[in-house]
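The values are calculated or read from the model by the stated rules, or taken from the named source; none is laboratory data. Since the model is a prediction, treat every value here as computed from it, not as a measurement. Methodologically, a virtual Cβ is constructed for each residue, glycine included, from the backbone with ideal geometry; neighbour enumeration extends over all protein chains shown.
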Amino acid sequence: MQDDTFHDAGIDRDPATGLSSDPATGLSSDPATGHPRPPRREFKARGSFVSRCKGCNLPVLNCLCPYAVGAESEARVWLLTHSMEHNKPTNTGRLIRDVLPDTEVFTWYRTVPDERLLALLEDRRYAPFVIFPDDQPDYAERVVGIDAVAEAKAAGHTPVYLLLDGTWRQARRIFRKSPYLDALPVLPLYTQRLTRYRLRKPASVEHLCTAEVAAELLRQGGDEDAAEALDDYFDAFNDSYAASRRHEKLEAPTAAMRRLLVRRDEG
Ligand SMILES: [Zn+2]
């Protein structure tokens, strides 16, 4: 069953590889040893929260589809997503594409660069910035501030926030092992914001998840409306998913959800 990982405390596990299930016995087996695991506990509401909505990929108990909104921005977001991160339902990168349909998503493999990304990096219409901390001296000359975004716009280019989407370690690896990024300016995100993401345990509350980073960059770069929509959509995702994990149905829309409904009506 695709949704097995939803029951697990190990929420970072890849649903495609994390657990396997023997169709004959229905017992899951430990992927490391192949030994059968004891049957999982039965839940009262079994089935009602396990199945996922085909639209939003969230448990149907608190489906996110009614709150999907689109927004417009001057800047674009491109995601370079680590291959291990791609299919995780808790990944927040996909929320960005839901709100900003021009968002590009590329899968990162160490040995094979994405041809389309390489072509876009050469495209003079865009001014891409790699979003990465400026905590190492060896690329200090490439570091720019958020002002560079306005300068790119003034020069007639579309600024692009290129986000390295993965765990902290994966992002570092992408940054270091992708020669085609070496010529790009590096834009670190400075913010006082603390993470509101509740679906994975952060190493630090100062580590924002991908959707939060995008929202902050959009806000600082002058796309306040898109930032607001993405922030509300992220909060709706976070609250819906967290409630489903507690096997609770949200009885009333949250404040962020109500704002999204208004936005949909107006759109
Ligand atoms: Zn849905």
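Residues that are surrounded by 15 or more Cβ atoms within 10 Å (Cβ to Cβ), modelled with pLDDT of 95 or more, under 14 Å from Tyr161 (Cβ atoms) and within 16 Å of the ligand (Cβ to nearest atom) occur at least once in segment 99-110.
When segment 160-207 is limited to residues that are within 29 Å of Pro113 (Cα to Cα) and among the acidic types (Asp, Glu), the one that is surrounded by the most Cβ atoms within 10 Å (Cβ to Cβ) turns out to be Asp165. With respect to the conditions (1) within 16 Å of the ligand (Cβ to nearest atom); (2) out of contact with any helix residue (DSSP H, G or I) (no Cβ under 6 Å at 6 or more places or on another chain), Thr92 lacks only one, and its number is (2).
Just need a number here: residues in segment 166-182 that are in contact with a helix residue (DSSP H, G or I) (Cβ under 7 Å, 6 or more places away or on another chain) and either β-branched (Val, Ile, Thr) or modelled with pLDDT of 95 or more (or both). Result for segment 166-182: 3.
From the list Ser83, Ser51, the lone residue that is over 17 Å from Tyr233 (Cβ atoms) and within 16 Å of the ligand (Cβ to nearest atom) is Ser51.
Looking only at segment 177-231, residues that are small (Gly, Ala, Ser) and either more than 15 Å from Thr92 (Cβ to Cβ) or over 17 Å from the mean Cα position of the chain (by Cα) (or both) come to 7 in all. Residues that are aliphatic (A, V, I, L, M), surrounded by fewer than 22 Cβ atoms within 10 Å (Cβ to Cβ) and either within 11 Å of the ligand (Cβ to nearest atom) or free of Cβ contacts under 8 Å to residues at least 24 places away in the same chain (or both) within segment 62-75 comprise just one, Ala68.
Would you check if there is a residue in segment 208-218 being surrounded by fewer than 17 Cβ atoms within 10 Å (Cβ to Cβ) and not polar (S, T, N, Q)? If you could, list the steps in order and put the result at the bottom.
Start the filter on segment 208-218 by keeping residues that are surrounded by fewer than 17 Cβ atoms within 10 Å (Cβ to Cβ), which leaves none.
No - not one qualifying residue is present in segment 208-218.
Set side by side, the residues Val186, Val160 differ, and just one is more than 30 Å from Ser51 (Cα to Cα), touching a helix residue (DSSP H, G or I) at 6+ places or on another chain (Cβ under 7 Å) and among the hydrophobic types (A, V, I, L, M, F, W, C), which is Val186. Residue pairs whose Cβ atoms lie under 8 Å apart, separated by 6 or more positions or on different chains, with the first residue in segment 246-264 and among the β-branched types (Val, Ile, Thr) and the second not in a loop (DSSP other than H, G, I, E, B), are Thr254/Asp235; Thr254/Ala236; Thr254/Asp239.
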